[in-house]
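The values are calculated or read from the model by the stated rules, or taken from the named source; none is laboratory data. Model, not experiment: these values are computed from the prediction. Please note: Cβ atoms are built from the backbone with ideal geometry, for glycine as well, and neighbour counts cover all protein chains shown. Surface accessibility is based on the protein's heavy atoms, side chains included, excluding ligands, DNA and RNA. Shrake-Rupley method; radii C 1.70, N 1.55, O 1.52, S 1.80 Å.
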Amino acid sequence: MRQDPQYAPEHLALEAVRRLGPEAAAWIRQARAEQPGDSAETLAEQAVRRFVNRARFSGAVSGAAGLPGAVIDVGVLAWTQARMVLHIAAAYGVDPTHPDRAADLLVLQRVHKAAAGARLALGVAAGRERAGALFGGGERAPLGRVMLRLGVRLAQMAGVRAAKRVFAKVVPGAAIVLGTWANSSATKNLADRSRTLYRHYGGPHPPSPRHGL
């Protein structure tokens, strides 16, 4: 993401599905085995509580680390949120490992307005990733500028007002309070959107189509 900050949300979404999708699938298999009477709504609520608490903790502990800490915090927040979305999808019987979940992430996190645009951007990001691996990253911008741009893009993905969020992190004390509130609030809002989407996809029982578990 540091090498290609313009497409940082797309790179994160692709990697999240690759790495976190199997984890969410394993979680729901275990949860259904251990809690066979629990509904999809109950399992989704468990996932939401778990990851909202993680998001709140992330905002509290990294309040006074300056710009690098701000970038790390919003990156961790965006990753935590992606993990939550994939667990919610799994709870409603939607396959968290399917490549379409990357587009879902970008739309749910309001990086893109529609799935078609998200898929196009994901394709571009994947192509740039392959090109970078083959030919190297080319000329690099100063690290400070790259980190600021990366922080802003990830803050946008995490649902936090980017400029206010990033620069507030530099203010000790106030940044800790803002981080706790902003992280949990943005994550709760994302959880609501995710549940609405995947409730429509899967309903209370695992679906049979190709996107289902």
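Structure data summary
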| item | result |
| --- | --- |
| Positions within the stretch 26-47 being of a type outside the set (Val, Ile, Thr) and open to solvent by less than 10 Å² (accessible area, probe 1.4 Å), in sequence order | ALA31, ALA40, LEU43, ALA44, ALA47 |
| Output for the stretch 89-127, where each listed residue is among the β-branched types (Val, Ile, Thr), more than 21 Å from ALA182 (Cα to Cα) and in contact with a helix residue (DSSP H, G or I) (Cβ under 6 Å, 6 or more places away or on another chain) | VAL94, THR97 |
| Filter pass, ALA116 being modelled with pLDDT of 75 or more, more than 18 Å from the chain's Cα centre (by Cα) and either of a type in the set (Phe, Trp, Tyr) or assigned to a helix (DSSP H, G or I) (or both) | yes |
| Positions within the stretch 1-56 being more than 21 Å from ALA191 (Cα to Cα), aliphatic (A, V, I, L, M) and assigned to a helix (DSSP H, G or I), in sequence order | ALA8, ALA33 |
| Of the criteria (1) modelled with pLDDT of 95 or more; (2) under 12 Å from GLU10 (Cβ atoms), which one GLU129 fails | (1) |
| Count of residues meeting criterion [among the aliphatic types (A, V, I, L, M) and out of contact with any Lys or Arg (no Cβ under 8 Å at 6 or more places or on another chain)] in the stretch 32-42 | 1 |
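Table: residues versus (1) at pLDDT 95 or above; (2) buried (at least 17 other Cβ atoms within 10 Å of the Cβ); (3) hydrophobic (A, V, I, L, M, F, W, C).
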position: VAL61; (1), (2), (3): no, no, yes
position: GLY66; (1), (2), (3): no, no, no
position: ALA90; (1), (2), (3): yes, yes, yes
position: PRO96; (1), (2), (3): yes, yes, no
